[in-house]
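These notes are about the structure you will find just below.
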Amino acid sequence: MKIGSFQKSSLCDFPGKVAAVVYTQGCCWRCPYCHNRSLVYPTRFQPSIPVEEVYEHLLLGRGQLDGVVVTGGEPTLQCGLTDFIRRVRDMGLLIKLDTNGSNPSMLAALLEENLLDYIAMDVKGPLSEYRRFVGCAVDTGPIELSIELIKQSNIPYEFRTTLVGGLHTREHLDQLAPLMYGVRRYAVQTYRLPPSDFRSQPPFTPPDVSLFHTASEALRDRVDEFLVR
C-alpha cells in the first residue's frame, strides 16, 4: 500500500460514522478538475507513510473510531489493498471504500470476501463522453460493470457526481440519468477550487445553482434517495 496521507479522524467521510481516512497514491485517470493532484501525479508525490504507522494510529484510536475510509487517488490499484482491509477489519473497524470504478475485478473480490461496509463510487458524467471528464482514453465497460456490482451488493452504497462549472452541462445530466436508474443513493456535490496551483488547468469554477436544479429534475425520480451536497 502506498499511502500518501492519513487523517486520524473525520465526521463527514463515512455517513453516520467517526472514521479515519487513508489516502492512497496513484490513479489511472487525469481528471482535469482533480482536487487531489498530489495523490495522482507521481511528480507531486510526497514520501509514502509506512503502513505500520497507520496501523499503530488505528489501534490507538479504536475506542473513538467506528471505521476507516480508504480513498485516493484510486485505492483499487493498490496491490496490498486486500491485506490492508483484512487487518483493519480484524481491529473491529468498518471499511468504506471510495473508488472511480475502473477496477471491477478488485471490487468484486472485496465484495466476495465481505470486506466492505460501504462503497462510494464517483460517476464523472455520461459514459458517451467519459474521456472529457477523466482526461484520457477510457474503456467504459469496467465502469458499467462496477456500477452493476455495487447495485447488486447487499451493503450500503452511493454514487456521486461532482458538478463542475465550465465542464458539466444540462445535457450531460440528462444523459447520465438512465445510468443511475434504480440506485439506492445518488448525490451531486459542488466542485471547489483546490488549494494548490491550478494555472495549468482550464478555468473550472463551482457550478451555477441552476445545474443542481437540472440534476434534481433529471435524477430525483430515478433513484431511491437523491442528495445535494
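Observations
- Members of region 39-59 found to be polar (S, T, N, Q) and under 21 Å from THR99 (Cα atoms), listed by number: SER48
- Elements of type helices (runs of 4 or more DSSP H) contained in region 120-216, each with 2 or more residues being more than 22 Å from GLU74 (Cα to Cα): 170-176
- Restricting the first member to region 213-229 and to residues that are closer than 10 Å to ARG184 by Cα, and the second to residues that are surrounded by 16 or more Cβ atoms within 10 Å (Cβ to Cβ) and charged (D, E, K, R), the beta-carbon pairs closer than 6 Å and six or more apart or on different chains are GLU225/ARG185.
- Pair list, Cβ under 7 Å, 6 or more apart: region 1-25 residue closer than 15 Å to VAL88 by Cβ, other residue of a type in the set (Lys, Arg): PHE14/LYS96; ALA19/LYS96; ALA20/LYS8; THR24/LYS2
Each row is one residue, and each column tells you yes or no for (1) within 23 Å of LEU193 (Cβ to Cβ); (2) in a helix (DSSP H, G or I).
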site	(1), (2)
CYS12	yes, no
GLY16	no, no
TRP29	yes, no
TYR33	yes, no
THR43	yes, yes
GLU56	no, yes
LEU59	no, yes
LEU65	no, no
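- Cβ pairs under 8 Å, 6+ apart, first in region 63-87 and in contact (Cβ under 8 Å) with a residue 12 or more places away in the chain and under 13 Å from LEU97 (Cα atoms), second of a type in the set (Asp, Glu) and crowded, with 21+ Cβ neighbours inside 10 Å: VAL69/ASP98; VAL70/ASP98; THR71/ASP98; GLY72/ASP98; PRO75/ASP98
- Only one of the numbered conditions (1) in a loop (DSSP other than H, G, I, E, B); (2) under 27 Å from PRO104 (Cα atoms); (3) not small (Gly, Ala, Ser) is not met by VAL22, and that is (1).
- Close pairs from region 117-137: first without any contact (Cβ under 8 Å) to a residue 12 or more places away in the chain, partner of a type in the set (Lys, Arg), Cβ under 9 Å, at least 6 apart: ALA137/ARG131
- Screening CYS28 against (1) closer than 15 Å to ALA120 by Cβ; (2) hydrophobic (A, V, I, L, M, F, W, C); (3) in contact (Cβ under 8 Å) with a residue 40 or more places away in the chain leaves a single unmet condition, (1).
- Residue within region 32-51 that is surrounded by 15 or more Cβ atoms within 10 Å (Cβ to Cβ), touching a Leu at 6+ places or on another chain (Cβ under 7 Å) and farther than 14 Å from ALA120 by Cα present: yes
- Evaluation of ASP224 against (1) modelled with pLDDT of 95 or more; (2) within 18 Å of the chain's Cα centre (by Cα) (one fails), failing number: (2)
- Screening ASN114 against (1) at pLDDT below 95; (2) within 30 Å of GLN64 (Cα to Cα) leaves a single unmet condition, (1).
- Inspection of region 150-158 identifies at least one residue that is among the aliphatic types (A, V, I, L, M), farther than 17 Å from SER10 by Cβ, modelled with pLDDT of 95 or more and surrounded by fewer than 16 Cβ atoms within 10 Å (Cβ to Cβ).
The values are calculated or read from the model by the stated rules, or taken from the named source; none is laboratory data. The structure displayed is predicted, hence computed values, not measured ones. Reconstructed Cβ throughout: ideal geometry from the backbone, glycine too, with neighbour counts over all protein chains shown.
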